[in-house]
Amino acid sequence: MSIKSAAVLAMALCAASAAAASGQEPITKGKTITGTATIQAIDSASRTITLRDKNGVDDTYSVGPAVQRFDELKVGDTVKTTYIESTVLQVRPAGEAPGPTSTTGAVTPGTGALPAGTMGVQDKMTVTVKSIDADLPSITVTTPDGRTVTRAVENKKNLEGVKVGDKIDITYTRAILMSIERAQ
């Protein structure tokens, strides 16, 4: 199982809920993290950029060709970043066909005067409930590639209404939004 598939499964199993099992709306769990850093150095030949965060920690990053306005970045610019992550779960009764497993991604450049953009990735998979241990509480599922995975569940009540054979559709989305502000 890939790292992203394991992350998707772990988040989904921790958040699965009886509301989804009873046919109600899908369950969504998410988080948003924001931050800023200042450009300390730029190496145009290797397309790397060194950023310093608010704690004074420097990190150097490779910038791929999808960033089309790399040459407009300047030392001293502030990079504003927002990271968004969400998991959507839908429990379906046994017997229904699983949804397709897929990974999609896109990079969208900003349209303002300064460089900006959004990069997003979405993974979809359907797992099948193999067993449930309400005492621990935990759930064991089979992934689309045939692996068996067991995970603890945060809240025992989340297992109510979930049955062996049920399918859990998982949609895991990550996006990062970045923009540049000129130093004053």
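At a glance:
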read-out: Number of the condition not met by Arg182 [criteria: (1) out of contact with any Leu (no Cβ under 8 Å at 6 or more places or on another chain); (2) of a type in the set (Lys, Arg); (3) surrounded by fewer than 18 Cβ atoms within 10 Å (Cβ to Cβ)]; value: (1)
read-out: Residue tally, condition surrounded by 19 or more Cβ atoms within 10 Å (Cβ to Cβ) and either more than 23 Å from Glu85 (Cβ to Cβ) or among the basic types (Lys, Arg) (or both), over the stretch 155-172; value: 4
read-out: Exclusive hit being buried (at least 16 other Cβ atoms within 10 Å of the Cβ) and of a type outside the set (S, T, N, Q), set Ala152, Ala134, Ala175; value: Ala175
read-out: Residue within the stretch 20-30 that is under 17 Å from Ile176 (Cβ atoms), assigned to a strand (DSSP E or B) and modelled with pLDDT of 60 or more present; value: yes
read-out: Strands (runs of 3 or more DSSP E) contained in the stretch 48-101 and holding at least 3 residues of a type in the set (S, T, N, Q); value: 78-92
read-out: Residue match in the stretch 118-126 (condition: within 19 Å of the chain's Cα centre (by Cα), closer than 30 Å to Thr36 by Cβ and without any contact (Cβ under 8 Å) to a residue 40 or more places away in the chain); value: no
read-out: Among residues of the stretch 85-126, those that are closer than 23 Å to Val141 by Cβ, of a type in the set (A, V, I, L, M), surrounded by fewer than 17 Cβ atoms within 10 Å (Cβ to Cβ) and modelled with pLDDT of 90 or more, counted; value: 1
read-out: Within the stretch 47-59, tally of residues that are over 21 Å from Met119 (Cα atoms) and either touching a His at 6+ places or on another chain (Cβ under 9 Å) or exposed (fewer than 12 other Cβ atoms within 10 Å of the Cβ) (or both); value: 4
read-out: Checklist (1) exposed (fewer than 15 other Cβ atoms within 10 Å of the Cβ); (2) out of contact with any Lys or Arg (no Cβ under 8 Å at 6 or more places or on another chain); (3) touching a residue at least 12 places away in the same chain (Cβ under 8 Å) applied to Ser62, failing item; value: (2)
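The values are calculated or read from the model by the stated rules, or taken from the named source; none is laboratory data. A quick note: this is a predicted structure, and the numbers were derived from the prediction, not measured. Cβ: placed from backbone, ideal geometry, glycine included. Neighbour counts: every protein chain shown.
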